[in-house]
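The values are calculated or read from the model by the stated rules, or taken from the named source; none is laboratory data. Please read all numbers here as calculations on a predicted model, not as lab measurements. Glycine gets a Cβ as well: all are built from the backbone with ideal geometry, and neighbour counts include every protein chain shown. Note: areas computed on protein heavy atoms with side chains; ligands, DNA, RNA excluded. Shrake-Rupley method; radii C 1.70, N 1.55, O 1.52, S 1.80 Å.
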Amino acid sequence: MATETLKQFHRLPLSTYVDALRFLPPLSAFDRYVVVASFNSDSDETSIEIHALNPSTLPILTLQSSFTLSSRISSLKVAQKSLQNPLIAASTFAGSLHILFPNPIDVSFESEVSIPEKTLHLGPISCLDLQENGSACVSVGEDGRVNLISVGDSGLDYRRIFDSKGLVSYTAARWASPTEFATGGLGNSLQWWDQRRPGGPVSQFKGNWAQGATSGVVHSIDIHPSRKHTCLAGGSYGTVFAWDLRRPQQPIILSGIDVGEPMSSSSISESEVWEVQYDTFMSASNRANISSERVLPVMICSEDGILAVIKQGEEPTELLAENCAINSFDIDRQNPSDVICSHEWESIAFLTRA
Amino acid sequence: MPGIVTVYHPSGHDDSSSLVPFSADTNSPIVYPLHHGLKSPIAPRLSISWSRGNSLRVSVFRSPETTDTVVDEVEVGGKVVELKLSGEYLDSEINDAAQWRRIAYGSVSPFAHLQNKKNAMAALSELRHSAPYDVDWSKYVLEYSREINSLLGSRESSSTSLIEDPKMVLENVEEPSCLKAAWELLEIFYADKQSQAWIPEQLVDWLADYDSLFSEQVPSVHLILVEFQAELINIQAVEDESAYWQAISSALAVGWLDIVVKLLRLHGSYQLNQLGNRETENGLVEAVAVLISKMPRMRADLPDGKLGECYYNKSDFIKAWEKWRAQITKLDCSAFWLQCSHHHTRENLKLLLQIMLGNTSTLSSATFHWVELYIAHFLYIRPFTSGLESMHALAQKCMQLQPTSSPHKLMRLMIGILGENTEVVLAECSRSFGPWMIAHATELLTAGSIQAEILLKEERHNLGGVSIEESHRLVYAQVLSSHALTWQIAPIYLISCMKHGVGLLEILLYKQPVYHSQVLLKNIEICRLYDLDSVSANAMKIAGVHHWKHGRKGAGVFWLQQAGDEVRLNRIAQKLFDFVGKSISDESFEQWEGLIELLGSESRTAGGLEFLHKYRDFKKSLQQVQDGVLTDAARKAGEALILLMKNPSTPQRFWLPLLYDSLKLLNWQGRPLLNVSQTNLLLNKLEELSVARLRPDFVEVGMPAGALNSVRLALATNLGCAILEE
């Protein structure tokens, strides 16, 4: 396993547990903000906080504003409605959904719209995803409901587009296009939905897994805007795979248990892969290797403390190997060499790749 | 439980009420009111139990009599609240819980690393039949100690200004903690075997860092310096102040040479306008300052900014020491003193020389508590003191000279260490610094000391058959388990406990609320790391049943499958059939698709649910038959039907609906789809069903009245055709 040299690596201790974090789309050329879903175990308080990050030689996080919620956050996403108008969407374990609009000047929370618990889902919302322009949001839950929430100027409007009545549980969701999205669930299953064809999933993936791989749970999905036919998923036992809609029954396994040949694919982690994202950082050597045949480079973080980049057909590159779980990470879209990730042990790490 | 719980309404607070735990100890009941935030009136039935960690779970049941009066917003079943009881931390200086957790998190990896090393070395020494302790081991222990030490705070200067303030005598550093001081003391005596010869000099450094901690209880050199520092700005001629000379002699006594020299240079005779008429005086001050800065020190090196000349070798040191003392004596007898007109300067400089020459009474008056005196003795009287026995004797002597009424916790710890009394050291660690300290310090105490190892590792009856070391680790693990964020690191400590570790780990895992997916996955991960398959299977079963009960059938089936729980899956299968049974013939069966997908292929444990999978296949081919006349599809459907009917997991009540659904297959135009034996099998099943209908416990499925007859007729027709065919 290769390890990548880091130009910069800093661990920033907090005194709260970080459930999720995201880079906020830039508000100006100079400021960089990080949105943190934090949980203070001493006061039992959950809040969404915006910290300013100064990426100098000694980066520090400075709390700018915070918004208190009643339940812990299960999923956190950010989007940009128009230029310089960011919005933050968060779902809670109690089942409520909140959309926050930070002020683009001083990032204070100006307004919030929410849908109370027990409305969208019975029980927790396991995942939500915001459309890139922030106009709509999809939420899924273990109760088997799939909801579409439209974010308008007048408030939130929601529509239940599917209810499996608990027969199928969904654990991850991701938009592919303004009308299509993908969901993931138990048994490493993926579903493809198209709003133009309502009534249920358009396509289902239930690969020809070898024994054992079916037992996984999909925790995170990513879809690259330029390759909408490929759905990237990460889940239990270090499984990371891509599902190509053009070849729906053959998963491309990037890490974890492989079909038939358990030794053929190198597995970078053996436990839960909490988040997957396409890695937008390209060094010169990387750019040469991009081919339309291959899956684009993928960054993952895992329960056993691994933050790594996986490329199809290559040895994975390890960025971090920590003693505790890495719950969540985000790549800065403007400076893709910069990555921020949250540790289970109440800290945040900021790293810059060379 | 002897405790009785009463409901207490504090007067004037109608909207809040408190729970008062009544202690069985009737002599002096201590009452802690707990605020639970529930609205009164509280129903008479309450249940209180311990929840996770320090949380108390209070369940309030709705009383049946008040049903009518209860406002609608109160939930039907009552209400459950959890109250968090905040514990007080033993070491009051680190009262920030987050800081404690940071130390707990940080110490995990050094601890685990050392345990791994220990196990590896134990395995190796078994192979070689040699003693497990050698140079390597002490290196690992020191590494461990340094890592832990670095967690407890850094001694970096917080002032960042580049321009040095000449009047800034004391460096502005972060307030040190007793915990760190204690850990460093242990490190000096137990872990750092390499520097054993320089213990006195290490103690000098130690006191320089931590003397301020003693100030809380007794006056100290540090306190004197702090006070003098505050006054310094207002003083014109420092040499006229007795506080100035007191500060200098005290700092010199405990060996803070850089501060002494810095203070001496503040002497008025250095000022340019004074130089002319105070030349001799200035010469004397400078001579003393030079002598001080040239003091021989028996140590490997000195950190930047500290004064003295290092001698690694004992004989070199003795030579230098003798020479230095000779110079002091020479200066002491010098004739220049007579020419020094400033009385204060003359007397006090002479006093400084006495300190350097090791005058016991001068040292005693310059220091404030026995540890300072002890250090002074090391520096100026007995620089060669080595061995704990002689160090202990010296400490006893110093304590007699500078007695303290209530010794500071660091003093008590030091006495324990010097007295080579492991029990006392353990007791002090436990009493003053709490479970974290003792669980981690035992590694240092046992390093290289056979007696301490025997003492700590011997299994004891009165501790339930575990060793002292294990019992302390268990206690610490218990502390960790009581917090929602630290319970996940408790397994690392538990697993290092030979006797009860695994048992307690299992209990810990069982206590976690696994119906939260995150907790369940964490649980499974911990079980995977420590090979606790049965525990994780049980956790999955609990989660599965929970999901099932709450209507998440898919998740329930999934986790029960993961757990390989055939018994419950079969039970569930029976229940599922009730749902399926209603919809077997209509289109709504499609919504079951997802669940059936989850059941996967036959190789997986599905219990009685295997039927659903086969039924889905059958249904699919039947669908194709209905869409168009396809003989191939029809043949497949026929085969699926036979498979289903043969399979013992297919419940009896589905037989008739299945056959009725496949009427079209039985009345197939052209060749019959089923051969004679297959048709006979179906006929037999039908007969069995007719007999079963007579039994009282038979459950009738809602089928059209003539269903049985039409199936029977179709089967008979099919049989006839099949016979003709053959």
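Some points to look at:
- Threshold 10 Å², the stretch B:551-577 residues less accessible with all protein chains present than alone (1.4 Å probe): B:Gly551, B:Arg552, B:Lys553, B:Gly554, B:Ala555, B:Phe558, B:Trp559, B:Gln562
- Spatial separation of Cα centroids for the stretch B:300-367 and the stretch A:97-148, in angstrom: 75 Å
- Surface composition of chain A: carbon and sulfur make up 49 percent of the accessible area, probe 1.4 Å.
- Converting phi to 3J(HN,Hα) with the Karplus coefficients 6.51, -1.76 and 1.60 and the offset θ = phi - 60°, the stretch A:299-313 yields 9, 10, 10, 9, 4, 8, x, 9, 10, 8, 10, 10, 10, 4, x Hz in sequence order, with x at every glycine or proline.
- Shielding by other protein chains, B:415-423, mean Cβ within 10 Å: 0
- Report summary: the helix-based calculation at 222 nm, which adds -39500 (n - 2.57) for every DSSP H run with n ≥ 4 and divides by the residues of chain A, gives -500 deg cm²/dmol.
- In straight-distance terms, cross-link reach from B:Lys614 covers every one of the lysines whose alpha-carbon lies under 24 Å from its own, apart from those fewer than eight places away in the same chain; here that gives A:Lys165, A:Lys206, B:Lys553, B:Lys575, B:Lys582, B:Lys636, B:Lys646, B:Lys664, B:Lys685.
- The stretch A:1-29-the stretch B:614-670 distance, computed between alpha-carbon centres (Å): 58 Å
- Residue-by-residue Karplus 3J(HN,Hα) for the stretch A:85-99, coefficients 6.51, -1.76, 1.60, Hz, glycine and proline x: 10, x, 9, 10, 10, 9, 10, 10, 5, 7, x, 8, 10, 10, 10
- Taking amide H atoms as placed 1.01 Å from N in the peptide plane, the amide H of B:Arg297 lies under 5 Å from those of B:Glu309, B:Cys310, B:Tyr311, each 5 or more residues away in sequence or on another chain.
- Buried surface for the A/B pair, taken as the accessible area of each chain alone minus that of the pair with a 1.4 Å probe, is close to 3100 Å² in total.
- At least 40 Å² of accessible area lost relative to the chain alone, listed for the stretch B:511-547 with a 1.4 Å probe: B:Gln518, B:Leu521, B:Lys522, B:Glu525, B:Arg528
- Probe 1.4 Å, protein heavy atoms only - accessible area per residue of the stretch B:355-501 in square angstrom: 37 Å²
- Overall, the stretch A:25-170 carries a charge dipole of about 400 debye about its Cα centre when +1 sits on the Cβ of Lys and Arg and -1 on the Cβ of Asp and Glu, all other atoms neutral.
- Using θ = phi - 60° and Karplus 6.51 cos²θ - 1.76 cosθ + 1.60, couplings along the stretch A:27-42 (whole Hz; Gly, Pro as x): 9, 8, 5, 9, 8, 10, 10, 10, 9, 10, 8, 10, 10, 9, 6, 6
- For the stretch A:168-251: accessible area per residue (Å², 1.4 Å): 33 Å²
- Burial of 50 Å² or greater, the stretch A:157-193 residues [accessible area, probe 1.4 Å, versus chain by itself]: A:Leu167, A:Leu186
- Protection proxy ranking of A:80-88, A:44-52 - average other beta-carbon atoms within 10 Å, highest first: A:44-52, A:80-88
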